[in-house]
Amino acid sequence: MPVEPKRKTAMISSTSLDLPEHRQQAMDACLRQGIFPRAMEHLPARDADAIRVSLEMVDEADIYIGIYAWRYGHVPEEHDISITEMEFKRAVERGIPILAFTIHHDHPLTITMVEADKDAQEKLTKLKERACHGRGRLEFKSPVDLRSHIIQSLGVLLKEEEAARQEQRAPSLHPPNLIPTAPAPYIAHPYSLLQTREVVGRREELHLLTDWVTVNTIVPRDVRLFNVVAIGGMGKSALTWKWFNDIAPNELPHLAGRMWWSFYESDAYFENFVIRALSYAAGLPEAEVRQMPAPDREDQLWHALDQRPFLLVLDGLERILLAYARMDAAHLPDDDLDEQTANDIPRFYGVPDNVKETYLEKHRLRQCTDPRAGYFLRRLAQVRASRLLISTRLYPAELQTDTAQPRPGCYPLFLTGLSDNDALALWRAFIGGTRSGTIEQLLPLFRSFGNYPLLLRALAGEVAGYRPAPGDFDRWHKAHADFNSAALPLKNARTHVLAFALQGLSAAPGPPHHCRFPHAGYVGDATRCAGRRRAEAVSGRPYPGCRADGVGRPWPGRLGQGHEPLRPASYRAWRGVADTRCTHSARYLQCTAQLFRRCAETTGMGAS
């Protein structure tokens with residue numbers, strides 16, 4: 001029988017007279033992260049007993065949480081330092097993780113919260129400096145603010161410890177990350193989902209990115225962080241990849257180096273980014289950089305980017321935000337997530353203060369899970385020589401002001417649907433032929449769901465895979481007279497289109513019994529096999545492991561002929577969805593919707 005792992009404990013150390021509510025919030029934060037809090041709410045009457053009990057609690061703790069305001073605390077007789085400082089020194093001696101939080105100058109105060117003794121204040125100042133040295137300084141403006149900081153910090157600490165355990169437990173499955181010598185481009189995680197060099201559409205956005213680094217007729221000259229923000233399936237990763245590879249080298253010929261980093265990869269957490277970016281920008285061995293304290297690494301990277309012109313692309317930045325730290329983040333619709341995070345920044349311009357305040361409260365979901373990452377992002381907006389291009393589903397809260405406007409040095413571009421011409425070009429590229437529909441038929445249809453490329457691709461696959469007349473839009477539309485997305489609101493229209501793209505999966509006949517997934521065993525369920533066949537029609541590419549009349553030959557009705565197999569990264573992305581065994585129809589539709597999203601990612605538009 002497996003042994004249940006020991007539950008971690010955290011010692012909450014602070015003065016108690018002035019911070020009772022803060023201590024309660026700290027305990028709640030620990031419990032939320034599955035950590036048992038240990039706190040001395042009522043010290044024994046005798047000093048000797050109080051010291052003994054306090055230090056025993058530190059000895060039994062796995063984590064030390066220090067909370068420091070404006071009181072130094074009780075100094076026992078025959079001692080020069082307070083019990084609070086004794087607890088901190090014992091934690092340092094033990095070498096356990098220490099999380100330090102200090103009160104902000106804007107925090108409301110009462111008389112009891114400030115210790116008047118000058119000597120005590122001097123000792124308190126020195127204690128704060130030692131507690132924060134090499135660990136960063138997180139300041140709280142209220143008890144609730146402290147709770148948020150502790151939750152974030154504990155989450156980061158637990159994630160780092162788990163990553164360390166994984167490294168000890170098994171060898172890394174990631175290939176060696178060879179860092180080239182600048183100015184050779186450093187592509188840490190190649191974007192393998194774009195199968196063609198040409199991106200359909202997005203020319204205006206490409207021109208805007210070029211304007212950012214050249215004439216600055218639209219984007220201000222002082223912008224250093226350009227943020228491409230959009231829901232999944234809009235093509236932001238493909239857009240930034242295209243510009244990074246094909247346009248930036250021509251427009252920025254004198255760069256000190258170019259780096260592409262994707263937070264979608266399992267090893268691409270913030271600390272790893274800083275380590276490898278510094279190794280690349282400063283020309284230092286990665287092993288040497290890993291030995292540096294984290295604050296020193298960040299300082300050196302900032303100075304390297306400030307002094308020499310580098311171009312850094314951070315793809316999928318939403319992966320380091322709180323909204324995507326949730327267990328169910330992958331199943332949260334983008335529209336709902338946008339509402340919960342008040343992500344649509346332009347709508348805050350000029351709105352009443354009471355409405356603005358309500359929405360700004362929700363912006364915590366867009367904060368970085370690691371407070372150091374959020375602080376470093378703000379610093380990056382002030383570099384002088386380098387530029388950073390970010391693609392993300394959510395605009396980071398750290399890059400906006402209290403009035404919901406972008407911080408100086410930051411520029412957000414919110415991607416919407418394709419232009420009419422681009423939508424038509426994408427549709428024709430997927431279906432082709434002379435029966436794919438007229439402009440008068442198609443444009444009202446596309447506009448009903450906002451020219452959203454992901455849904456356009458899914459619907460194109462439905463029309464192309466219509467068995468009685470593949471690719472014949474008129475006959476498909478006649479057979480589906482109840483399809484009328486133009487009569488619905490935008491959000492409902494998107495659901496309506498996707499429902500039609502998914503219909504018929506259970507009724508369509510499946511491929512022969514030898515259709516299977518490598519390493520997944522034979523799958524005899526006709527519904528899943530039909531879903532794979534429909535996926536081929538949508539993607540225009542053969543599904544890995546599925547065969548019809550011969551190896552590499554397409555299914556009848558599938559778009560195109562002779563497509564190359566998916567690349568390994570794409571295959572893993574497909575398999576991760578399709579291998580799921582769905583026993584309930586709702587879950588099956590959810591998985592299939594994810595499959596269509598993966599399909600879109602393999603096209604020229606791509607998805608983030």
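Throughout, read-outs are computed from the coordinates displayed, never taken from laboratory work. These numbers were taken from a predicted model, which means no experiment stands behind them. Cβ: placed from backbone, ideal geometry, glycine included. Neighbour counts: every protein chain shown.
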Modelled FRET efficiency - R0 51 Å, residue 215 with residue 292, Cβ distances, 0.05 increments: 0.85
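Can you check what the net charge comes to around residue 439, using other residues whose Cβ is under 15 Å from the Cβ of residue 439 (Lys, Arg +1; Asp, Glu -1)?
On the way: positive: 428, 435, 447; negative: 420, 422, 440, 474.
Taking every other residue near residue 439 into account, the sum is -1.
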Over 22 Å (Cα to Cα) - which of 8/123; 123/159; 8/159; 8/141; 89/126 fall in this group: 8/123; 123/159; 8/141
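As a footprinting exposure proxy, order 240, 210 by other Cβ within 10 Å, with the fewest listed first.
Numbers: 240 26, 210 17.
Ranking 240, 210 by Cβ neighbours within 10 Å, fewest first, gives 210, 240.
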Whole-Å semi-axes of the stretch 9-169's equivalent ellipsoid (Cα gyration tensor): 25, 19, 15
Signed unit charges on C-beta, dipole axis of the stretch 9-169, positive-most listed residue 156, 131, 113: 156
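Where does each of 156-165, 405-414 land if you order them by average Cβ count within 10 Å, highest first?
Numbers: 156-165: 14.4, 405-414: 17.4.
The peptides rank, most packed first, as 405-414, 156-165.
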Sorted by Cβ density within 10 Å, fewest first, the residues 298, 93: 93, 298
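Could you put 38, 221 in order, starting from the residue whose Cβ has the fewest other Cβ atoms within 10 Å?
Numbers: 38 20, 221 7.
By the 10 Å Cβ count, ascending, the order reads 221, 38.
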